[in-house]
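Scroll down for the structure; my scribbles are underneath it.
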Amino acid sequence: MSVLLFVLLFVLFLINVPIAIALGMSASLIFIIQDSVPLVAIMQRMFNSVDSFPLLAIPFFILAGKLMETGGISKRLIHLANVIFSRVRGGLAIVSIVACAFFAAISGSAAATTAAVGSILIPAMVKKGYDKNFATAIQATGGTVGIMIPPSVPLVLFGVAAGVSISDLFIAGIIPGVFVVVSLIILVYVISLFKGYGGGEAYGFIDFLKALKDAFLALLMPVIILGGIYGGVFTPTEAALVAVVYGLIVGILIYREIKWKDLMEIFTSSIITTSVIMFIIAGASIFGYYLTRERIPAQITELMLGITDNWIIALLIINLILLIIGIFLETAAAIIILTPILAPVAQALGIDMVHFGIIMIVNLAVGFITPPVGINLFVASNIAGTRFESLLRAIIPFIIVMIINILIISFIPALSLFFVD
């Protein structure tokens, strides 16, 4: 029956059934064939999977990202980064990565980060003589930082699925996120050096002060959110609501770039995005329920430990599994499905669950820039007006650097656990 489950899931994927429906339908059909679980119990489990206080953070962080994008916060952060890095070779490319890091510290979404920053910087880079495919690849990769740097929607999902403190996961994501940002900056600088992109634009100290003043409230937003969480003032879920209120006040009353008529579109877009994620969680919960009932996670743990008891080789295998799954499966679904399967293996190997959460998220981040799913590639190519296929060559160096980051983060736990109690 387990083999039939995965065959059904694969067939549903092949005929382009939405991920949430494919996950829920394949497991439900097996339950019906076995006549082991009543349909009402399946519905109850789907409801219970999304009836969670920590998951309330997801719609609010998504809404906060939309408010940031519309309210002029992202524009001011980009301008500040541009003033700082304008003289550096490949300055706009570096600005793109840095701006993604700032935006990620509020939105927690890879696709939202790519769209918000890319809509401004991809045309700007092309205008300054950057190759369009290179500029698009930079933005698509920069957007992956959105799920690493806290707050992060996927980290919330992992925390709920694994029963791990979301606050600890947020703290653990800081150094790896910054590490990835720095590695991407080095890469785009080296490529820009060889290609002769950017550099030489003059901004004085007065320009910097003006840009800093203009972006001060935007910079204060992640400080309030993350400082409040780490200082114990509020929970991650409460922090998400604070981010929304702050974004509304700044966007409507201070920057005045959000009009009252814009709110309906912002709320509608946020609701649609949230609904898709919640539907995936509900469908994946049925799939995960079947795996747990059949003791598949325990069997996989026994199988892997039977292959090797060397934690280095086992961790390499886990990374390979996560990379492959991330290429084909949407991040939320991958987390809900794989966490119950791989978490027991990681625990048996003595890997800290907070560290394992960061390993999983960084691996799945690569899926945002690899075909056939590659959501960030689709978003960035749509903004740039270029073909998806034309990006494949330009994205290869970024994928290589991301894989190197995965290995470093995986085998140096201190990068993730340095600030965790």
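Here, each number is a calculation from the coordinates, and none is a lab measurement. Since we're looking at a predicted model, the values are computed, not measured. Positions of Cβ are generated from backbone atoms using ideal geometry, with glycine treated the same way; all protein chains shown enter the neighbour counts.
Table for the structure above
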{"quantity": "Cβ charges +1 (Lys, Arg) and -1 (Asp, Glu), total dipole of segment 27-161, debye", "calculated": "760"}
{"quantity": "Cα-based equivalent ellipsoid, segment 10-108: semi-axes from gyration tensor eigenvalues, Å", "calculated": "45, 18, 9"}
{"quantity": "Furthest towards positive pole of dipole, Ile408, Ser96, Ile266, structure part the chain, Cβ charges", "calculated": "Ser96"}
{"quantity": "For segment 115-157 and segment 52-93, distance of Cα centres in Å", "calculated": "10"}
{"quantity": "Segment 370-421 versus segment 330-351: alpha-carbon centroid distance in Å", "calculated": "20"}
{"quantity": "Enclosed volume per residue, in Å³, of the convex hull spanned by Cα atoms of the chain", "calculated": "141"}
{"quantity": "Space enclosed by the convex hull of the alpha-carbon atoms of segment 366-421, per residue, Å³", "calculated": "99"}
{"quantity": "Lysines whose Cα lies under 27 Å from that of Lys210, excluding same-chain neighbours fewer than 8 positions away", "calculated": "Lys66, Lys75, Lys127, Lys128, Lys259"}
{"quantity": "Computed helical MRE - 222 nm, the chain, DSSP H runs ≥ 4 contributing -39500 (n - 2.57), nearest 500", "calculated": "-25000 deg cm²/dmol"}
{"quantity": "Segment 272-398 pair-distance distribution - Cα-Cα, 10 Å bins, rounded %", "calculated": "12, 36, 32, 16, 4"}
{"quantity": "Solvent-free Debye scattering, log10 I(q)/I(0), computed from the Cα coordinates of segment 117-161 at q = 0.16, 0.20, 0.26 Å⁻¹", "calculated": "-0.52, -0.65, -0.83"}
{"quantity": "Magnitude of the charge dipole, the chain, Cβ model with Lys/Arg +1 and Asp/Glu -1, debye to 20", "calculated": "1220"}
{"quantity": "Overall dimensions of segment 71-168 as given by Cα atoms, namely Rg and Dmax in Å", "calculated": "14.5, 48"}
{"quantity": "Shape of segment 167-233, Cα gyration tensor, a/c cut at 1.5", "calculated": "oblate"}
